[in-house]
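Contents: one structure, followed by commentary.
The values are calculated or read from the model by the stated rules, or taken from the named source; none is laboratory data. Since the model is a prediction, treat every value here as computed from it, not as a measurement. Glycine gets a Cβ as well: all are built from the backbone with ideal geometry, and neighbour counts include every protein chain shown. Ligands, DNA and RNA are stripped out before the accessible areas are found, and what is left, the full protein with its side chains, is counted by its heavy atoms. Shrake-Rupley method; radii C 1.70, N 1.55, O 1.52, S 1.80 Å.
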Amino acid sequence: MFSIALDPVLEEQVKEAAKEKGLCVSEYVCRLIQEKMEDEYDLRVYEEAKRQYEADPVTYTAKELGL
């Protein structure tokens, strides 16, 4: 468990957003953190795939792969 300090305006925005979603602030913030972490993971995977493609831009169709 940990705590964070927010400026008063952001704190009120978070409270209001949590209320609109029917969540407590803690659950709302946890979900936001999870979503952000998933987005960052997806971006890293994309960037790695893009680097690999740029290094060897050969592609195959599903038919060529026998699918």
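Out of the chymotrypsin sites (Phe, Trp or Tyr not before Pro) in the chain, which ones are loop residues according to DSSP with at most 12 other C-beta atoms within 10 Å? Write out the running numbers ahead of the final one.
Numbers: sites: Phe2, Tyr28, Tyr41, Tyr46, Tyr53, Tyr60; in loops: Phe2, Tyr60.
Passing sites in the chain are Phe2, Tyr60.
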Within the chain, GluC sites (Glu not before Pro) in DSSP loop having at most 12 other beta-carbon neighbours inside 10 Å
Glu64
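Given a 1.4 angstrom probe, I'd like the percentage of the accessible area of the chain that is carbon and sulfur, rounded to a whole number. Numbers along the way, then the final one.
Numbers: 3630 of 6390 Å².
Whole-percent figure for carbon plus sulfur exposure: 57.
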Let me know the whole percent of all Cα-Cα pairs from the chain that are separated by more than 14 Å.
74 percent
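Given a 1.4 Å probe, how much area per residue of the chain is accessible, in Å²?
Details: 6390 Å² over 67 residues.
Averaged over the residues of the chain, the accessible area is 95 Å².
Which trypsin sites (Lys or Arg not before Pro) in the chain pass both tests, a DSSP loop state and at most 10 other beta-carbon atoms within 10 Å? If you can, show how the numbers build up before the last one.
Values: sites: Lys15, Lys19, Lys21, Arg31, Lys36, Arg44, Lys50, Arg51, Lys63; in loops: Lys63.
Here the sparse-neighbourhood loop sites are Lys63.
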